[in-house]
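Worksheet for the structure shown next.
The values are calculated or read from the model by the stated rules, or taken from the named source; none is laboratory data. Values in this document were obtained by computation on a predicted structure and should not be read as measured data. Don't worry about glycine lacking a Cβ; one is built from the backbone with ideal geometry, like all the others, and counts go over all protein chains shown. Surface accessibility is based on the protein's heavy atoms, side chains included, excluding ligands, DNA and RNA. Shrake-Rupley method; radii C 1.70, N 1.55, O 1.52, S 1.80 Å.
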Amino acid sequence: MSVLEDISKGIEAGRKQFEQIMRSDNGDASPFGYVEKHIYNDNIGPGKTTASELALGDNLGYMRWLLARGYGGQFRLLYLDPPFFTKAKYNATVSVSGKDGKQHRLHHLAYDDTFERDLEYYVENMTARLLMMMELLAEDGTMWIHLDWHSSHYIKIIMDELMGEKNFVNEIIWSYKSGGSGKRHFARKHDSILVYSKTKNYYLNVPTEKSYNRGFKPYHFKGVEEFQDDQGWYTLVNMKDVWTIDMVGRTSCERTGYATQKPLELMRRIIEASSEDGDLVGDFFSGSGSFLEEAERLGRRWIGCDNEELATAMAKKRLDLIEADYIYRTEDGMTLRTGRLDLELKQKEVLENGKCLFNYSVKRFDPEIEIGYIQMNDRKYVEEALTNDTIQFIDYVMIDPDYSGAFSCEIVTEDFENIRFLSRGNAAVTAVDVFGREYLVRMDYE
């Protein structure tokens, strides 16, 4: 079968998959049973629907549910960094220490981009999801699809078919220095970002950039405003479609260890160019949360989704560190682990307002390790670390001082010896391990 036949059959199968899920009767029912609230600034009142959301689960089902909740045509911007059809698996790295005290980096599967090595299957899955995003996109909105040389040409054909080639706005080239090279091809040092609109009335705020004069000398052209910096004379022009932005380096403070993490500067440029303050933006392949973090910083409402626990745990930690207000939803079938975390009460101080000041430390932690997700060469370090110190497998701890059955995160800490909080009665603590799994323990007080 030819490549074109694979693409044609994949698009047809994707349309059928989309139509089938749109006809399903359970669109109004919530498939996301477990809910955490991460509300730090009390900006989101009871009953309001403007809270940002992060979901763990299948993005196709989640987008269908969003449509049933009235989100159709509401997103000013949709950014997606989907699988690239690289036929490879990607890892995230975490560190543990052995008995000798040395740090060892573990490579844990982040996501699988093999798609059974079948182009038709890849096109089918992407088509169904792109059709769902088209339903969510506003009439003046844009969709930014982040790809590389593996799949940009395939997705261009799909998008021209689904949204129409007349609605193609731009191909942005993101150029960077990092990455490998080879003797049999020129070094591959760029990604492509395809930009499509739903209508011709799309919003786009093209920024300006410096264009240096030849020889860095002034032109003195009539009516042309010129500027000077340390490099020389320049004018301001509308930004070109080639963007040179550094990747997230190994020593960068942004670094999470997620294999395909994108830089905040790139996310900022996309968000500022295609949305305004207060707009709703979305990323349904949200990974470690770069787009969501920058959307929060820029005052956008956002919705994100990923189907990997490790990815959403990294995203949650980044969002919590900047005190983002959002709701976290977990698809039914995702396990909330209990009974694997023991806390020891170090101090209890009764206060005049009826609350008590508690101080706990982690006494025991029994992590759930899926050894098959860890590279073979690293498994010996996991076994050694488990015999040495299991508490090191905790990444951070969340605290709900007024637990009522639905966890509401109010405090985040990495100090496992001093878990301090004020509470009037029931409280709950959730530990998140370095692989993104959550473990909840409830504390009842008389």
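Numbers at a glance
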item	result
Selected residue (criterion: least open to solvent (accessible area, probe 1.4 Å)) from residues of the range 404-429 that are within 27 Å of the chain's Cα centre (by Cα) and without any contact (Cβ under 8 Å) to a residue 40 or more places away in the chain	A428
Filtered residues of the range 243-277 (kept if modelled with pLDDT of 95 or more and small (G, A, S))	A273, S274, S275
Which numbered condition N205 misses (of (1) closer than 30 Å to E161 by Cα; (2) surrounded by 10 or more Cβ atoms within 10 Å (Cβ to Cβ))	(2)
Subset of the range 280-309 (residues that are open to solvent by 10 Å² or more (accessible area, probe 1.4 Å), more than 16 Å from I39 (Cβ to Cβ) and in a helix (DSSP H, G or I))	E293, R297, E309
From the options M143, M134, residue that is open to solvent by less than 20 Å² (accessible area, probe 1.4 Å) and at pLDDT 95 or above	M143
Hits in the range 180-206 - residues which are touching a strand residue (DSSP E or B) at 6+ places or on another chain (Cβ under 9 Å), in a loop (DSSP other than H, G, I, E, B) and within 22 Å of L266 (Cβ to Cβ)	K189, Y202, Y203, L204, V206
Within the range 146-169, considering residues that are acidic (D, E) and open to solvent by 30 Å² or more (accessible area, probe 1.4 Å), the one nearest to E5 (Cα to Cα)	E161
Output for the range 162-197, where each listed residue is over 24 Å from the mean Cα position of the chain (by Cα) and under 12 Å from M143 (Cα atoms)	M163, N167, F168, V169
Residue in the range 313-326 that is within 25 Å of F407 (Cβ to Cβ), open to solvent by less than 40 Å² (accessible area, probe 1.4 Å), aliphatic (A, V, I, L, M) and at pLDDT below 90 present	yes
Pair list, Cβ under 8 Å, 6 or more apart: the range 224-236 residue within 7 Å of Y212 (Cα to Cα) and open to solvent by 40 Å² or more (accessible area, probe 1.4 Å), other residue not in a loop (DSSP other than H, G, I, E, B) and not charged (D, E, K, R)	W233/Y212; W233/F216; W233/F227
